[in-house]
Amino acid sequence: MTTTFDLIVVGGGINGASVALFCARAGMRVALIERDQICRGASGVNAGTLTLQMTRVALIPYALEAHAMWANAPEWLGHDVGVVVCDGLSLAFTEGEEELLTYRAARRREAGAPIEIITGTEAQGIEPGLGASVRVAGWCPIDGFANAYLTGLAYRRALVEAGVALLERTIARGVDETEPFVVNTDRGPIRGRRLVIAGGVWIEPMLAWLGVTLPIKVLINQLSVTERVAPVMRTQVGIASGLLSLKQYPHGTVVIGGGWQGWGNRETGRSGIVPDSIIDNVRLACHAIPALAEARLARSWTGFEAETADVLPAVGPVPGIPEAYVCGSIHSGYTSAPYIAKLLAQCILGQEPERLLFPIDRLILQPASAATVS
Amino acid sequence: MPDRVAVRMAGYQRGATVQLIVDGRTIAAHDGEMLAAALMAAGLWRLRTSPRNGTGRGAFCLMGVCQECAIFVDGRLQQACSVEVRDGMHLELRGAP
Amino acid sequence: MVVETDLVVVGAGPAGTSAALAAANAGLGVILIDEAREAGGQVYRAPARTLKASTKTRDRDAVVGVRLRAALDRSSVRFERGLRVWSIGERFRTDTAGPEGVRTFKAPRLIAAGGAFERTVPFPGWTLPGVMGLAAATILLKSEAMLPGRRVVIAGCGPLLAAVAAKVSGGGGDVAAVIDMASRRQWASVMLQLATRFNLLREGAGWVLGLARRRVPIHFASTIRRIDEADGLLSVEIGPVDGKGRARPGRSSLINDVDAVAVGHGLVPGVEITRLAGAAHTYDRLRGGWVPVLDAMGRTTIEGLYAAGDGCGIRGALSAATAGTLAGLAAAGDAGALDPDTLASKSEPQLKEAARLDRFSAAVSDLLALRPGQVADIAPDTVVCRCEDVRRADIDAAIADGAADVNQLKHFTRCGMGPCQGRMCGDVVGELVALHAGSREAAGAWTPRPPLRPVPLADLIGSYSYNDMPIPKPVPL
């Protein structure tokens with residue numbers, strides 16, 4: 001390909017796809033390189049939770065903006081991602097959990113999340129499906145969920161309409177040159193004046209192409225879904241520790257998540273479930289919503305989630321390499337991704353971002369310490 | 001109009017005649033036979049309603065694969081093709097008229 | 001509690017039972033797991049517990065089944081019945097669930113012998129209650145001594161057509177018609193290839209002659225065009241097809257007042273275990289679809305994982321037993337329970353038998369293989385995915401929207417996301433995507449996921465106390 005693009009994005013998850021979309025709509029010629037298909041990794045297999053009660057305090061202002069974007073997805077994205085806006089409940093069953101919940105809800109409320117602590121009885125008024133043993137709950141009227149597997153369809157249509165050159169099933173193998181950027185792929189070199197690295201857990205090996213060492217911890221999140229069942233719940237339910245996410249989709253399936261860990265390997269891309277961990281996750285779910293026990297488990301799966309050393313996003317310019325950027329590792333990332341990607345797009349387009357980015361200088365290991373790590 | 005039913009072949013000894021309660025209605029069956037077959041023999045072909053079109057569905061594969069015969073047996077969702085008839089079973093064909 | 005042993009065998013049909021027996025005879029500790037209460041699989045399925053024939057009318061398969069179960073009873077194999085395998089993990093942790101709760105088995109070797117399931121290529125009306133698989137009709141007839149209805153249409157392809165029709169007719173039912181996709185010429189060529197299998201031919205000829213005597217109409221090179229419900233009964237429209245399964249212009253005709261229709265278009269290997277374990281697979285149209293890559297002894301590309309039977313490609317019950325024995329011997333040999341010479345001498349006759357059976361089974365497999373024209377002919381409004389009511393038109397629209405393989409299609413449409421986990425529609429959906437993707441390899445196959453069958457959450461969770469649950473430390477604030 002002899003075209004020189006204005007922007008090359010490597011990684012077609014929700015981060016990369018959003019940056020590509022906003023830049024293309026602003027007039028840039030954009031190439032999006034994706035090893036598989038758009039939003040088929042973590043962006044397509046996550047729990048779709050749009051909650052503030054699992055969001056880190058520092059990210060609450062971003063998540064609030066992003067929540068509003070999700071709620072209006074057809075307006076700005078142009079396509080439906082099956083978003084349901086509903087009440088969210090974070091449950092405490094024990095005294096310890098009540099303490100944790102109360103403290104955390106207060107911190108999140110200070111950051112702008114409208115979370116209130118309510119009694120177990122009040123919680124059952126909001127969610128009749130709850131079991132009897134709830135002591136207190138954090139209640140947030142700004143919550144909800146998307147249908148994560150529809151992300152790919154919605155974004156793909158939007159990207160095509162915006163004129164983004166979609167290079168799906170194309171493997172980026174390295175960056176050969178930086179001025180302009182030449183990305184080496186299995187389908188030949190792709191040239192561009194700017195580069196965004198948005199490869200999820202793979203941003204670590206991708207940044208290494210640029211000589212930058214940014215360690216990423218790989219989480220293997222497990223999820224389960226029941227077959228369609230009669231309504232058993234109407235809210236998004238979690239617990240104080242953050243290790244449960246539970247919601248019933250309008251078509252009747254219930255998705256059970258919460259970051260219980262499976263096994264996996266970033267290098268081979270293989271991952272799988274740990275049965276005992278699935279069972280505990282399901283027990284937790286049935287403890288919260290007892291009627292769920294009647295349902296049958298239809299499918300369990302895993303997805304790779306990236307985590308930085310301080311569990312905050314890595315979003316901003318790559319130091320020392322003009323016009324190279326990274327967009328990744330947004331904790332509870334699905335919720336905040338469209339907004340944070342929009343901020344990065346503003347930065348790439350030469351505008352002042354509405355809010356601060358999350359510069360990666362703090363996460364980069366210097367060559368000396370990098371050597372000790374490897 | 002003749003009843004559309006599956007027919008037990010002559011020349012076999014079967015388990016004792018027992019009664020099943022299907023959505024409040026009593027039907028006869030034989031102890032130990034496949035529940036899905038007993039329902040067919042009682043003319044109960046329609047076991048569930050499809051989720052989008054709302055059309056009736058009945059047991060299709062009888063070998064545990066298709067899930068079309070999953071019904072509530074004594075309160076538990078089970079595949080009627082892998083359950084043996086026992087006297088007094090309570091069955092619910094939820095969603096099916 | 002984890003039960004450890006030398007070998008786990010999943011599936012107690014002819015392949016799995018033979019494998020378990022061969023390995024146990026060689027000295028391995030073997031656990032054989034099946035979701036049924038009795039061994040035998042589908043072909044040698046045990047009759048209902050309380051069913052007894054008044055006279056001796058047992059067919060050959062019934063006799064083999066009785067022998068198989070007796071051999072299992074006499075052996076040292078530990079048969080774990082009525083358990084649903086829901087997860088297969090590393091170094092072969094096998095998790096099962098049942099009304100009594102969850103159980104875990106573990107062995108350095110595992111033989112996957114899950115068998116096959118039936119393919120039915122969709123047509124309008126195939127989802128009507130009273131329309132069932134050909135294999136389903138066989139199970140009703142053989143295990144329950146029940147006719148699917150008083151007046152039955154039997155349709156599809158393969159030797160099961162005549163077998164089911166003969167059973168229905170012999171049991172006092174009225175076979176309104178047999179609708180066979182194969183032409184007389186295709187049958188003649190199969191007969192030639194089976195010329196030395198005298199028993200098979202005699203049995204087949206017996207069925208056909210019996211049908212002729214009872215004046216059962218047999219329509220060759222024909223298929224069901226649609227089925228409608230009329231006055232509480234079924235009305236079946238049939239018409240001619242070509243060798244690729246495409247409708248030929250020609251007069252269609254109606255068969256009215258039908259109670260039940262049994263229709264099947266061949267078998268699809270159940271490869272969920274070998275795929276979940278990450279073994280290499282290849283697409284083999286003749287053998288029914290995606291099959292694991294195996295050596296002659298049944299070793300997959302994953303060390304310690306073996307596979308045998310129709311779950312590795314459709315070859316029939318006789319081949320399954322032979323392949324099972326070979327896989328059982330291989331597992332015993334690889335575990336050091338048989339020295340190489342003994343392994344070789346025990347395997348040699350089985351390998352010869354396998355090769356001999358392979359030639360014959362190829363002829364029959366050809367009758368059972370998916371006919372591409374039949375899939376191409378599926379009408380836009382016809383439901384393809386029964387669980388989620390996804391129509392041909394929805395699938396084509398998703399492909400036009402960019403769905404390049406079956407998994408992307410699944411995300412776009414929910415096709416294959418229902419409780420059958422894509423088994424009923426998977427082969428046909430793969431073919432539909434391949435029409436655009438260019439090949440079945442490009443269209444791909446569903447990503448395998450646990451559980452292998454839907455499991456009630458109640459069975460998984462058992463009884464537990466919230467306070468004893470190992471809840472990890474809270475995520476950071």
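Take the residues in the range A:239-248 that are in a strand (DSSP E or B) and of a type in the set (A, V, I, L, M); name whichever of them is farthest from A:Q53 (Cα to Cα).
Ranking the candidates gives A:L246 first.
Starting from the range C:319-335, keep only residues that are under 18 Å from C:G115 (Cβ atoms), then list their pairs with residues that are among the charged types (D, E, K, R) whose Cβ atoms are within a distance under 7 Å, requiring at least 6 positions of separation or different chains.
Filtered contacts from the range C:319-335: C:S319/C:D358; C:A320/C:D310; C:T322/C:E353.
Just checking, how many residues over the range C:347-388 are basic (K, R), modelled with pLDDT of 95 or more and surrounded by fewer than 19 Cβ atoms within 10 Å (Cβ to Cβ)?
So the answer is 1.
Can you tell me which residue is farthest from B:A36 (Cα to Cα) among those in the range B:55-95 that are touching a helix residue (DSSP H, G or I) at 6+ places or on another chain (Cβ under 6 Å) and surrounded by fewer than 22 Cβ atoms within 10 Å (Cβ to Cβ)?
The extreme case among them is B:G64.
In the range A:130-137, is there at least one residue being in the same structural domain as A:Q248 (by TED's automatic domain parsing), open to solvent by less than 50 Å² (accessible area, probe 1.4 Å) and not in a loop (DSSP other than H, G, I, E, B)?
Checked against the condition, which is being in the same structural domain as A:Q248 (by TED's automatic domain parsing), open to solvent by less than 50 Å² (accessible area, probe 1.4 Å) and not in a loop (DSSP other than H, G, I, E, B), the range A:130-137 yields at least one hit.
Within the range A:72-103, take every residue that is of a type in the set (D, E, K, R) and outside any helix (DSSP H, G or I) and give me the one that is nearest to A:C140 (Cα to Cα).
By that ranking, first place goes to A:D87.
Taking B:A16, is it more than 7 Å from every other protein chain (Cβ to nearest Cβ) and either modelled with pLDDT of 95 or more or surrounded by fewer than 23 Cβ atoms within 10 Å (Cβ to Cβ) (or both)?
Judged against the criteria, B:A16 is a match.
Looking at A:Q351, A:Q346 in this structure, which one is part of a loop (DSSP other than H, G, I, E, B), open to solvent by 10 Å² or more (accessible area, probe 1.4 Å) and of a type outside the set (D, E)?
Criteria check complete, one pass: A:Q351.
Within the group A:G316, A:G303, which residue is among the small types (G, A, S), assigned to a strand (DSSP E or B) and either surrounded by fewer than 21 Cβ atoms within 10 Å (Cβ to Cβ) or not assigned by TED's automatic domain parsing to the domain that holds A:V255 (or both)?
When all the criteria are applied, what remains is A:G316.
Here's a check for you: in the range B:65-92, which residue that is without any contact (Cβ under 8 Å) to a residue 24 or more places away in the chain and part of a loop (DSSP other than H, G, I, E, B) is farthest from the other protein chains (Cβ to nearest Cβ)?
B:D74
Can you pull out every residue in the range A:19-60 that is farther than 30 Å from A:R104 by Cα and under 12 Å from the mean Cα position of the chain (by Cα)?
A:C39, A:G41
Within the range C:1-30, track down each residue that is among the hydroxyl-bearing types (S, T, Y) and assigned to a helix (DSSP H, G or I).
Within the range C:1-30, C:T17, C:S18 meet the criteria.
So is B:A10 facing chain C (nearest Cβ under 9 Å) and open to solvent by less than 70 Å² (accessible area, probe 1.4 Å) or not?
Answer is no for this residue.
Sort out which residues of the range A:308-341 are within 11 Å of the chain's Cα centre (by Cα) and more than 17 Å from A:E65 (Cα to Cα), and write them in order of number.
Answer for the range A:308-341, where residues must be within 11 Å of the chain's Cα centre (by Cα) and more than 17 Å from A:E65 (Cα to Cα): A:G328, A:S329.
Tell me, which strands (runs of 3 or more DSSP E) lie completely within the range C:90-135 with 2 or more residues that are farther than 30 Å from C:I378 by Cα and within 13 Å of chain B (Cβ to nearest Cβ)?
C:93-98
Filter the range A:171-189 down to the residues that are outside any strand (DSSP E or B), modelled with pLDDT of 95 or more and acidic (D, E) and list them by number.
Across the range A:171-189, the qualifying residue is only A:D186.
I need the full set of residues from the range B:42-55 which are in contact with a strand residue (DSSP E or B) (Cβ under 6 Å, 6 or more places away or on another chain) and under 24 Å from B:V7 (Cα atoms), in order please.
Hits for the range B:42-55 are B:A42, B:R46, B:L47, B:R48.
Which condition breaks for C:A335 when tested against (1) open to solvent by less than 20 Å² (accessible area, probe 1.4 Å); (2) closer than 25 Å to C:E90 by Cα?
C:A335 satisfies all of (1) open to solvent by less than 20 Å² (accessible area, probe 1.4 Å); (2) closer than 25 Å to C:E90 by Cα except (1).
Within the range C:72-83, count every residue that is open to solvent by less than 40 Å² (accessible area, probe 1.4 Å) and assigned to a strand (DSSP E or B).
Qualifying residue count, the range C:72-83: 2.
Identify, from the list A:V45, A:V81, A:V57, the residue that is touching a residue at least 40 places away in the same chain (Cβ under 8 Å), surrounded by fewer than 20 Cβ atoms within 10 Å (Cβ to Cβ) and in contact with a Leu (Cβ under 8 Å, 6 or more places away or on another chain).
Step by step, each of A:V45, A:V81, A:V57 is checked, and only A:V57 is touching a residue at least 40 places away in the same chain (Cβ under 8 Å), surrounded by fewer than 20 Cβ atoms within 10 Å (Cβ to Cβ) and in contact with a Leu (Cβ under 8 Å, 6 or more places away or on another chain).
Determine which member of the set C:G210, C:G170, C:G206 is out of contact with any Phe, Trp or Tyr (no Cβ under 6 Å at 6 or more places or on another chain), in contact (Cβ under 8 Å) with a residue 12 or more places away in the chain, among the small types (G, A, S) and within 14 Å of chain B (Cβ to nearest Cβ).
C:G170
Considering C:L432, C:L409, C:L343, which residue is in a helix (DSSP H, G or I), open to solvent by 20 Å² or more (accessible area, probe 1.4 Å) and modelled with pLDDT of 95 or more?
Residue meeting the stated conditions: C:L343.
Within the range C:166-191, track down each residue that is within 24 Å of the chain's Cα centre (by Cα) and among the charged types (D, E, K, R).
C:K167, C:D180
Looking for something surrounded by fewer than 23 Cβ atoms within 10 Å (Cβ to Cβ) and either of a type in the set (S, T, N, Q) or at positive phi (or both) - is there at least one such residue anywhere in the range A:149-160?
No, because not a single residue in the range A:149-160 is surrounded by fewer than 23 Cβ atoms within 10 Å (Cβ to Cβ) and either of a type in the set (S, T, N, Q) or at positive phi (or both).
Any chance you could count how many residues in the range A:214-238 are open to solvent by 50 Å² or more (accessible area, probe 1.4 Å) and either assigned to a strand (DSSP E or B) or closer than 23 Å to A:G44 by Cβ (or both)?
2
Report, by residue number, each residue of the range C:34-64 that is within 19 Å of the chain's Cα centre (by Cα), without any contact (Cβ under 8 Å) to a residue 60 or more places away in the chain, at the interface with another protein chain (Cβ under 9 Å from one of its Cβ atoms) and open to solvent by 70 Å² or more (accessible area, probe 1.4 Å).
Residue satisfying the conditions is C:R37 alone.
Right, A:R270: out of contact with any helix residue (DSSP H, G or I) (no Cβ under 8 Å at 6 or more places or on another chain), surrounded by fewer than 24 Cβ atoms within 10 Å (Cβ to Cβ), modelled with pLDDT under 95 and at negative phi or not?
Yes: the conditions hold for A:R270.
Being small (G, A, S) and in a helix (DSSP H, G or I) is the filter here, so list the residues in the range A:20-71 that pass it.
A:A20, A:A24, A:A42, A:S43, A:G44, A:A58, A:A63, A:A66, A:A68, A:A71
If a residue must be of a type in the set (G, A, S) and at pLDDT below 95, how many such residues does the range A:120-151 contain?
4
The values are calculated or read from the model by the stated rules, or taken from the named source; none is laboratory data. Bear in mind that the values here come from a model prediction, so they are computed numbers and not experimental data. No Cβ is skipped: glycine too gets one built from the backbone with ideal geometry, and neighbour counts run over all protein chains shown. Keep in mind that these areas ignore ligands, DNA and RNA; they rest on the heavy atoms of the full protein, side chains included. Shrake-Rupley method; radii C 1.70, N 1.55, O 1.52, S 1.80 Å.
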